[in-house]
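Single-structure report; data block below.
The values are calculated or read from the model by the stated rules, or taken from the named source; none is laboratory data. Model, not experiment: these values are computed from the prediction. A quick note on method: Cβ atoms are made from the backbone with ideal geometry, for glycine too, and the neighbour counts reach across all protein chains shown. The accessibility values were calculated without ligands, DNA or RNA, using every heavy atom of the protein model including side chains. Shrake-Rupley method; radii C 1.70, N 1.55, O 1.52, S 1.80 Å.
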Amino acid sequence: MKVKTAQGIRDYRTVWMEESVVAMIDQTKLPHSFEICRSPGYRETTAAIRDMVIRGAPAIGAAAGYAIAQAAKEYAKQDLKGFSKHMAEAEKTVKSARPTAYDLFDAVDCVMKRVEGIGSVDEARRIAAEASSSYADRSMENCRLIGVNGEKLLKNGCRVLTHCNAGALACVDYGTALAPIRFAHYGKKEVSVYVDETRPRLQGSKLTAWELLQEGINFSIIVDNAAGYFMRKREVDLVIVGADRITRNGDVLNKVGTYEKAVVAKENGIPFYVAVPETTLDREVVKGDDVFIEERSGDEVLCIDGVRVAPSGSATRNPSFDVTPKEYVSGYITEKGIKKKF
Ligand code: MRU
C-alpha cells in the first residue's frame, strides 16, 4: 500500500520478514503515528498478534506463518527430536494468540506441514522460512485478485458501506473488503465509502479512514448506529465487509456489528457482499454458531483511547465478533471470482 511519509510516498506491506525479525506496521499507533514494530522472535510475534499490533485475519495469518519460521530459526541445535518438540511448543503458543480468525490456524498448519518429516534441522529451518514467505506472497496475491474480481460490482458513482477494517492493514496488502474499492478507484471510477467507526476499538475511524486517506478515496466516517439511517435513505448502494472465518455452510464471522448491517441491508434490498480469501474458510466447522467467539476486556467498552466514559462499577459484555447467517449474504468475493455459495 502507498503510505505518505516525511520522505515521500513509499510502498509498504503490512507485515514482512527481515532476516529473523518480523516487521509489522504498528496498528496500535495509527492514525496518530506511522511506526514499524520489529519482533525478534516467535514469542514476541505471538504477543504482537495477541495485543493487536497486527490484526485482521489475513495479516494475522501471515504474521503467524512467519512466527513459525522464527521458531525454527531460534532452535540452535541439530537434534531433530528436540527440534520437533520445540516446534510443537511454538505451534501451540502461536495458535493461542487469538481464537477466531481462521487464517492464523491455516498459516501455522501450512508451514508446520512443510517442515514435518524433514531429515535435518538446517533444511527444516530453510523450508519454514521459504514456506512462510510464499504463504504471505500468496495471501497478498489473493487479495489483489479479490480486488480485480470485486471491482466489477462497483458502478461509477457508487456508495459503499464497510464495517471495521478489512483493508491492506488487515492483510499483507490491498485488503479484502477495501480491495474492490481500491481497484475501482485505480480504474478512475468515482467511489465513496461510508466507514463505520467500529466501536469498541475504532478500527473503522482509525485504520480504514487512514488507508482511504492515503489512497485519496472519498469517505465519511459514521457512528455505528447511523448505518441503518443511511441505508433506509437509499444513500448506500452496497455493503462490503471482510471476514475472520467462514464456516462450511457459508456463515460469516466478522467484527461484531456485521450481523446488524446485514439484516438492515436485506430489509432495505441493498446487496451485502463478503470479500474473503479461501484461507479464511474453516472446512472443519459446519456453522457459525459452533465457532468460539473471543470476548475481550470490558475496558474496551468502558474507555475510549484510555479515557473512561462509563461510571465505575459498570458491568460489560464485549464479544469481538458475531455471526452473519449465510442467508444474508448476496455473494462472496474471492480470489477465484464472485460466488453465490462458499
Ligand atoms: O479484532 P480485529 O480488528 O482483528 O478484527 C478483525 C477485523 O479486522 C475484521 O473483522 C475484518 O473485517 C475482517 S479481517 C479482513
Worksheet item: In the neighborhood of Met140, defined by Cβ-to-Cβ distances under 9 Å, what is the net charge if each Lys or Arg adds +1 and each Asp or Glu adds -1?
Response: 0
Discussion item. I need to check one value: relative contact order of the chain, counting alpha carbon pairs closer than 8 Å and at least 6 residues apart, in percent.
Written reply: 16
Worksheet item: In nanometres, what is the gap between the two model label sites at Glu19 and Glu190, each 7 Å from Cα along Cα-to-Cβ?
Response: 5.2
Worksheet item: Using θ = phi - 60° and the Karplus curve 6.51 cos²θ - 1.76 cosθ + 1.60, what whole-Hz ³J(HN,Hα) does each residue of the stretch 216-222 get, with Gly and Pro shown as x?
Response: x, 9, 5, 7, 10, 7, 10
Discussion item. Under a crude label model (7 Å from the Cα following the beta-carbon direction), how far is Glu295 from Lys233 in nanometres?
Written reply: 3.6
Fill in: Sequence-distant residues sharing a close amide H with Leu281 (under 5 Å, placed H)
Ile246
Practice prompt. May I ask you to derive the FRET efficiency for Lys4 and Arg283 from their Cβ-Cβ distance with R0 = 41 Å, giving the value to the nearest 0.05?
Written response: 0.50
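Just flag the chymotrypsin sites (Phe, Trp or Tyr not before Pro) in the stretch 269-301 sitting in loop per DSSP whose Cβ has no more than 15 other Cβ atoms within 10 Å.
Phe292
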Worksheet entry | Where GluC sites (Glu not before Pro) fall in DSSP loop in the stretch 1-98, at most 15 other Cβ within 10 Å | Glu19, Glu35
Discussion item. Can you tell me what share of the DSSP beta bridges in the stretch 104-229 is antiparallel? A percent to the nearest 5 is fine.
Written reply: 10
Response to the item:
Taking a ≥ b ≥ c as the square roots of the eigenvalues of the Cα gyration tensor, with a/c under 1.5 meaning rounded and otherwise prolate when a/b exceeds b/c and oblate if not, the chain is prolate
Worksheet entry | Over the chain: helical MRE at 222 nm, DSSP H runs n ≥ 4 each giving -39500 (n - 2.57), nearest 500 | -11000 deg cm²/dmol
Worksheet entry | Over the stretch 2-145, relative contact order from alpha-carbon pairs under 8 Å, at least 6 apart, % | 22
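Give me the percent of DSSP beta bridges within the chain that run antiparallel, rounded to the nearest 5. Show your work: numbers first, answer last.
Details: 25 of 45 bridges.
Roughly 55 percent of the beta bridges in the chain run antiparallel, per DSSP.
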Practice prompt. Could you work out the longest stretch of the chain that avoids the trypsin sites (Lys or Arg not before Pro) located in DSSP loops with at most 15 other Cβ atoms within 10 Å?
Written response: 78-154
Worksheet item: In the full protein assembly as shown, how much of Val148 is accessible to a 1.4 Å probe, in Å² to the nearest 10?
Response: 50
Worksheet item: So how much accessible area does His86 have, in Å² to the nearest 10, using a 1.4 Å probe?
Response: 40
